[in-house]
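Only one structure is covered here, and it is reproduced in the block below.
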Amino acid sequence: MFLRFVAAAAIAAFTMPALAADQVEKAPPTGSYKKVSELVKLPDFLPGLGQLYVDPKTLPAGPFLAYDRDGRLVSTVYMLPIEDLANKDKRFDNLAAPGGKVDHVDVYYNAGHPGVEKPHAHVVLWHVSKTDEARVAAK
Amino acid sequence: MMLSRRHILGIGGVLLASPLYGRAAAQGASPQIEIRMQGNADGSQVWFDPIGIRIRPGQTIRWINLDPGNAHTSTAYHPQNDAHSLRIPERAAPWNSDYLLPQESFSVTFTLEGIYDYFCLPHEHAGMVGRIVVGQPSGPPAKGVASPAQPGTEPIPEAAVRAFPSVDEIMQRGIVRRT
Ligand SMILES: [Cu+2]
């Protein structure tokens, strides 16, 4: 019993750093996130989405963290290739969702862009209200 | 910011704009012909405008990215470009603009008569392709876009196959815009 407790505690201690949440509220997020416009040739600020960060290991699905011009997190975006969504053997499981409270969700088709060079669906978890989507609108 | 890159076609292809220009100003007043890379606000649609065009040998085409939210390329169908099938004249050199950010442009001067098909690297699967007819191409017509892939090359995605304007339409109308 005691041994089992020690083992559990050891595992907990060992996994702690990985579980420690990254700071994502403000750009740049901590952890393995990289600015998308530095990974691939894309405009730094995408009208309708904002400034994106992603952990390259999670491509293409993401999460992508999207920030407004003041560096405030506005949404978490997943990019899911249409051919994968139509493939019965393909799943997207346990996608990280570090952005906190979700106000509403948009899902729409995207023709592709550097980084995800095929038609895909954007699944956007907005952390701000519908009105505040304007924070990432085209100037 | 207005970056511009010019591409010189090698064998068969050729010349930087220069004197041929004046003589070859066929399409309206502008000696240089522009093809716009465009997309709608949410990125669900992307296209070349015009999608089909007829020019005279020696004319230059300049692609410019007018899509504020995306990068595009003008890339010839050629085995050297990502193992794509050969869809430009055999003696012409292939081109690839690489990714153009908003307002960036890229030019190619065409001297060899024939049919030139090209695509956008990240958007070929979304049907972002274009066709240029230079002069009066003679000989057998270009291989049908729907024909099986040439050995060792990628098949053309269905959306791209559907998007190409026909050579006949380009010959008749000179400029074909997306419908
Ligand atoms: Cu494109």
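Residue by residue, here is whether (1) modelled with pLDDT under 95; (2) in contact with a Lys or Arg (Cβ under 8 Å, 6 or more places away or on another chain); (3) hydrophobic (A, V, I, L, M, F, W, C) holds:
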residue	(1), (2), (3)
B:Trp47	no, yes, yes
B:Pro50	no, yes, no
B:Ile64	no, yes, yes
B:Asp67	no, no, no
B:Ala71	no, yes, yes
B:Ala76	no, yes, yes
B:Asp82	yes, no, no
B:Pro94	no, no, no
key: Scope the range B:99-120; condition within 16 Å of the ligand (Cβ to nearest atom) and of a type in the set (S, T, N, Q); matching residues   = B:Gln103, B:Ser105
Residue list for the range A:40-59, restricted to those being within 12 Å of chain B (Cβ to nearest Cβ) and over 27 Å from A:Thr131 (Cβ atoms) = A:Val40, A:Lys41
key: Every residue from the range A:80-97 that is in contact with a Pro (Cβ under 7 Å, 6 or more places away or on another chain) and either in a loop (DSSP other than H, G, I, E, B) or away from every other protein chain (no Cβ under 14 Å) (or both)   = A:Leu95, A:Ala96, A:Ala97
Those residues of the range A:79-101 which are of a type outside the set (A, V, I, L, M) and farther than 17 Å from A:Gly31 by Cβ, in sequence order = A:Pro81, A:Glu83, A:Asp84, A:Asn87, A:Lys88, A:Asp89, A:Lys90, A:Arg91, A:Phe92, A:Asp93, A:Lys101
message = Just the residues that are within 14 Å of A:Glu25 (Cα to Cα) and surrounded by fewer than 24 Cβ atoms within 10 Å (Cβ to Cβ), please, taken from the range A:46-62.
response = A:Gln51
inquiry  = If I filter the range A:19-39 down to residues being within 14 Å of another protein chain (Cβ to nearest Cβ) and more than 23 Å from A:Val107 (Cβ to Cβ), which single residue comes out as surrounded by the fewest Cβ atoms within 10 Å (Cβ to Cβ)?
reply    = A:Glu38
message = Could you go through the range A:51-68 and let me know if any residue there is within 16 Å of the ligand (Cβ to nearest atom), in a strand (DSSP E or B), under 29 Å from B:Leu66 (Cβ atoms) and within 15 Å of the chain's Cα centre (by Cα).
response = no
query = Name the residues in the range A:98-139 that are among the hydroxyl-bearing types (Ser, Thr, Tyr) and either in a helix (DSSP H, G or I) or closer than 19 Å to A:Gly71 by Cβ (or both), would you?
reply = A:Ser129, A:Thr131
ask   = Looking only at residues in the range A:98-109 that are of a type outside the set (D, E, K, R) and touching a Ser or Thr at 6+ places or on another chain (Cβ under 6 Å), which one is nearest to the ligand (Cβ to nearest atom)?
value = A:Tyr109
ask   = When both residues are 6+ apart or on different chains and their Cβ atoms are under 7 Å apart, which pairs have a first residue that lies in the range A:102-124 and is within 26 Å of A:Glu25 (Cα to Cα) and facing another protein chain (nearest Cβ under 7 Å), and a second that is of a type in the set (Asp, Glu) and surrounded by fewer than 21 Cβ atoms within 10 Å (Cβ to Cβ)?
value = A:Tyr108/B:Asp42
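The values are calculated or read from the model by the stated rules, or taken from the named source; none is laboratory data. Computed from a prediction, not measured in an experiment: that's the story for all the values here. Reconstructed Cβ throughout: ideal geometry from the backbone, glycine too, with neighbour counts over all protein chains shown.
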